[in-house]
Amino acid sequence: MPAIRETTMRAVRYRKYGPPEVLEVAEVPVPAPAAGQVLVKVHASSVNPVEAQVRAGRMRPVSGFRFPKGIGQDFTGEVVAVGAGADGSLVGRDVWGCVLAVGAATTAEYVCVKESLVGDLPPGADPVEAAALPTVGLAALAAVRAVGVGPGRRALVVGASGGIGSVALQLCRALGAEVAAVSAADNAEFCAELGATETYDYADLGPLAGAAAFDAVIDLHGTSLGAYRGRLGRGGRMVTLAARGMGYAALSLVLPGPRVRVTRAKASRDGLAALAGHVTRGELRPVVAKVYPMERIAEAHRAAETGHSRGKRVVQVVTARPARSRGEA
Ligand SMILES: NC(=O)c1ccc[n+]([C@@H]2O[C@H](COP(=O)([O-])OP(=O)(O)OC[C@H]3O[C@@H](n4cnc5c(N)ncnc54)[C@H](OP(=O)(O)O)[C@@H]3O)[C@@H](O)[C@H]2O)c1
């Protein structure tokens with residue numbers, strides 16, 4: 001049983017699929033960590049696009065019809081108890097991580113997570129801001145590894161202003177590559193601040209046709225993939241992380257020219273440690289579009305559903321200090 005006094009906690013739940021307003025803060029039992037799990041007292045969580053898809057009922061074959069459901073993949077917090085067989089020395093550690101499963105429910109005061117899926121929070125990191133990083137950081141890491149970003153290589157990040165894109169841009173720079181960004185025109189300056197040396201507007205890809213060829217393309221939107229693939233130089237590699245890019249990726253197997261691969265985030269302590277290393281070395285910072293208190297998670301979902309972003313929407317679970325907001329209205 002958890003070594004904590006509370007038996008109930010506040011957690012975001014929903015009782016039916018629907019618009020963001022179905023999300024509510026409910027009082028529910030504190031979960032007990034099973035064998036191999038740790039119990040984390042959650043500081044902050046975030047909103048990922050897939051969570052809005054599940055909540056809206058667009059993934060029913062996998063999300064099923066059992067309610068109430070919880071929500072949230074990312075978490076930062078402190079380990080307060082461990083289950084049988086888990087490492088007791090983790091208690092008291094500041095951690096971060098993500099649960100990459102459709103039934104994940106990290107937007108809650110406590111969450112049980114497999115011991116192998118928690119990493120140490122980078123030293124000195126703000127636990128609210130850091131909640132912007134686990135899922136998108138691991139996704140960006142998988143993408144840069146899949147396309148082989150490194151010194152002397154030219155990379156193009158499509159959807160560069162969003163949650164994954166804002167991390168991918170920084171990782172490409174950290175790994176020594178020259179990086180170009182595709183975003184909305186009004187996010188070009190934001191992408192340049194994150195390290196892009198060339199910026200392109202997805203509404204007018206004409207100028208991109210005149211750019212020098214790229215060694216690597218990381219797509220985070222899944223449209224116009226033929227145009228981006230056409231900008232790859234000899235031996236270049238391209239990857240998409242967007243579900244809507246899967247059709248073109250399959251088509252690329254039979255088209256002349258390079259194949260477009262599909263990749264995904266993989267939750268692991270090693271991946272979290274790699275991200276923490278980049279943060280500690282000052283190469284990567286969480287990019288927070290806005291911090292929402294847990295009670296206002298519906299607003300965060302509405303913002304995520306626009307499909308436009310400057311970084312990540314964070315949900316603050318602890319209320320010890322007022323939620324800060326920056327950027328978004
Ligand atoms: N495979 C995985 O493991 C994995 C993990 C997480 C997420 N994902 C998927 O990856 C995608 C990106 O996730 P995210 O968290 O980065 O989403 P996000 O934060 O919502 O960012 C999406 C970005 O797409 C850009 N965009 C909008 N319209 C575009 C267009 N026509 N062409 C190019 N870019 C456009 C937006 O740019 P502006 O704001 O400048 O308009 C925005 O920055 C989503 O489909 C998500 O479901 C996959």
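The values are calculated or read from the model by the stated rules, or taken from the named source; none is laboratory data. Every value quoted in this text rests on a predicted model; they were computed, and no experiment measured them. As a convention, Cβ positions derive from the backbone with ideal geometry for all residues, glycine included, and neighbour counts pool all protein chains shown.
At a glance:
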{"item": "Criterion (of a type in the set (A, V, I, L, M, F, W, C) and within 13 Å of the ligand (Cβ to nearest atom)) met by exactly one of 212, 267", "result": "267"}
{"item": "Wholly enclosed helices (runs of 4 or more DSSP H) of segment 136-215 bearing at least 3 residues buried (at least 24 other Cβ atoms within 10 Å of the Cβ) and among the small types (Gly, Ala, Ser)", "result": "163-174"}
{"item": "Sole exception among (1) away from the ligand (no atom under 16 Å from the Cβ); (2) buried (at least 24 other Cβ atoms within 10 Å of the Cβ) for residue 122, by number", "result": "(2)"}
{"item": "Residues being assigned to a loop (DSSP other than H, G, I, E, B) and either assigned by TED's automatic domain parsing to the domain that holds residue 125 or basic (Lys, Arg) (or both) - total across segment 266-281", "result": "2"}
{"item": "Among the candidates 92, 148, residue that is in contact (Cβ under 8 Å) with a residue 40 or more places away in the chain and away from the ligand (no atom under 13 Å from the Cβ)", "result": "148"}
{"item": "Among residues of segment 230-261, those that are surrounded by fewer than 20 Cβ atoms within 10 Å (Cβ to Cβ), under 15 Å from residue 215 (Cα atoms) and either within 16 Å of the ligand (Cβ to nearest atom) or among the hydrophobic types (A, V, I, L, M, F, W, C) (or both), counted", "result": "2"}
{"item": "Long-range neighbours under 9 Å by Cβ, at least six apart or interchain, first residue within 18 Å of residue 125 (Cβ to Cβ) and in contact (Cβ under 8 Å) with a residue 12 or more places away in the chain within segment 72-85, second assigned to a strand (DSSP E or B) and aromatic (Phe, Trp, Tyr)", "result": "74/96; 75/96; 76/96; 77/96; 77/110"}
{"item": "Counted residues, segment 112-157 - those being touching a Phe, Trp or Tyr at 6+ places or on another chain (Cβ under 6 Å) and hydrophobic (A, V, I, L, M, F, W, C)", "result": "3"}
{"item": "Residue match in segment 43-61 (condition: under 29 Å from residue 86 (Cα atoms), in contact with a Gly (Cβ under 6 Å, 6 or more places away or on another chain), modelled with pLDDT of 95 or more and more than 16 Å from the ligand (Cβ to nearest atom))", "result": "yes"}
{"item": "Residue list for segment 161-209, restricted to those being within 9 Å of the ligand (Cβ to nearest atom) and either of a type in the set (Val, Ile, Thr) or modelled with pLDDT under 95 (or both)", "result": "164, 167, 182"}
{"item": "Count of residues meeting criterion [basic (Lys, Arg), part of a helix (DSSP H, G or I) and within 12 Å of the ligand (Cβ to nearest atom)] in segment 296-314", "result": "0"}
{"item": "Which numbered condition residue 18 misses (of (1) in contact with a Cys (Cβ under 8 Å, 6 or more places away or on another chain); (2) in a loop (DSSP other than H, G, I, E, B); (3) under 26 Å from residue 164 (Cα atoms))", "result": "(1)"}
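Residues are listed down the side, and each one gets a yes or a no for (1) modelled with pLDDT of 95 or more; (2) within 14 Å of the ligand (Cβ to nearest atom); (3) β-branched (Val, Ile, Thr); (4) under 21 Å from residue 164 (Cβ atoms):
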{"residue": "283", "(1), (2), (3), (4)": "yes, no, no, yes"}
{"residue": "294", "(1), (2), (3), (4)": "yes, no, no, no"}
{"residue": "316", "(1), (2), (3), (4)": "yes, no, no, no"}
{"residue": "327", "(1), (2), (3), (4)": "no, yes, no, yes"}
